[in-house]
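Undergrad: Pasting in a structure now, in structure tokens, and then I'll have a few things to ask.
The values are calculated or read from the model by the stated rules, or taken from the named source; none is laboratory data. Computed from a prediction, not measured in an experiment: that's the story for all the values here. Protein only, heavy atoms only, side chains kept; ligands, DNA and RNA dropped before computing areas. Shrake-Rupley method; radii C 1.70, N 1.55, O 1.52, S 1.80 Å.
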Amino acid sequence: MAYHGPSYGLSRECQMKSQAKFDIVRAREACDWVESVTGLTLDWPTSDGLVDQLAFGHALKDGVALCTLMNTLLPKAVPRISTMKAPFKQRENLELFLKGCESYGLKSQDLFQVNDLYENKNLYMVVDCLFALGGLAQKRSFDGPVIGVKVAMENRRNFSKDKLKESQKIIGLQYGSNKGASQSGMTAYGTGRQIIPGEAQKIVSTDSHKIIGLQSGSNKGASQAGMTPYGAPRQIIPDECVKNNKQNRERSSLPHSVEDVSHDSLGSHDEDSASSAVDEDSYSQSSVTEQEIGIVDSGDYER
């Protein structure tokens, strides 16, 4: 095996993730299964046996134990097993083992690459491959030691066309639940909003249109009666107040009839008293007019 030196950057990160996925317990279980099925004793680098993933790779990298395992499960799956220590012969054994797994029925995603085992890159994939092979052996009724989970048997069901059409009417739970809601009576997309549908308008009486629902808010009994139409100039004094104002002005002009009194019969003192009386009367009439109109400083008025 070539020495690649230490890894850095992304290669180092991938190596650390691969090492983290390796489970020593599952690896020991896989090695015990290989030894019990083949009857061979794996060649460990030390007398301590399986201590880490490097020892696991050293015991299986020559491919002899794996090819023997494949021939036990499927006779003549590997026609010739090489016992030479040459690297290309060991790689050849691993390639023959992988081809035998495919012919046995193992899926391609459960296999590993030759470099994953020979160069100790992804040893966890070798463990997963052995567990998948043990589960497939149980499916094929292998009477020896077992490992992993048995692969389920195919149970094909044939339904009629009517039965399949009924299944299309049911909304699966993976799509969520609408709690019995439907889109019946909804308007099409793009149409204007309809507060009351057409059928409901026939039932609703005309008196109901005079009532403002609480969801629309409350105007506290206010109305737009007496307001000027939109666009009209502002009227500080309404029309009715203008009429009352004109009438009050006419009333205030009545004291000027004092002119009928002759100036000859009255002295200068009487003229002054008469004019003062006229001013007081007109002032009282004008003050009454302002109270009736209800003009305030802000320009507002009382209705």
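Undergrad: From the Cα trace of the stretch 47-98, what convex hull volume per residue do you get, rounded to a whole Å³?
TA: Values: hull volume 4.6 nm³, N = 52.
Output value, Cα hull per residue: 89 Å³.
Undergrad: Shifting gears a bit: Can you give the accessible area per residue of the stretch 49-194, in Å², using a 1.4 Å probe?
TA: Using a 1.4 Å probe on heavy atoms only, each residue of the stretch 49-194 averages 67 Å².
Undergrad: Also, I was wondering about something else. I'd like the Karplus ³J(HN,Hα) series for the stretch 158-163: coefficients 6.51, -1.76, 1.60, θ = phi - 60°, whole numbers in Hz, and an x wherever there's a Gly or Pro.
TA: So the Karplus estimates, Gly and Pro as x, are 10, 10, 6, 5, 5, 5 Hz.
Undergrad: For the stretch 68-149, evaluate the Debye formula with one uniform point scatterer on each Cα (no solvent term) and list log10 I(q)/I(0) at q = 0.13, 0.23, 0.24 Å⁻¹, rounded to two decimals.
TA: -0.40, -1.18, -1.25
Undergrad: Follow-up. Heads up, I need the accessible area for residue 29: 1.4 angstrom probe, whole protein in place, Å², nearest 10.
TA: Only protein atoms counted, so the area is about 90 Å².
Undergrad: How large is the direction-averaged shadow of the alpha-carbon convex hull of the stretch 17-80, in nm²?
TA: Answer in nm², one decimal: 4.8.
Undergrad: What's the whole-number percent of alpha carbon pairs in the stretch 124-167 lying beyond 11 angstrom?
TA: Working: 662 of 946 pairs.
Here the long-distance tail beyond 11 Å is 70 percent of all Cα pairs in the stretch 124-167.
Undergrad: Oh, and also: Give me the percent of accessible area attributable to carbon and sulfur for the stretch 33-122, probe 1.4 angstrom.
TA: Roughly 50 percent, rounded to a whole number.
Undergrad: From the protein chains alone at 1.4 Å, what is the descending order of accessible area for 38, 228, largest first?
TA: 228, 38
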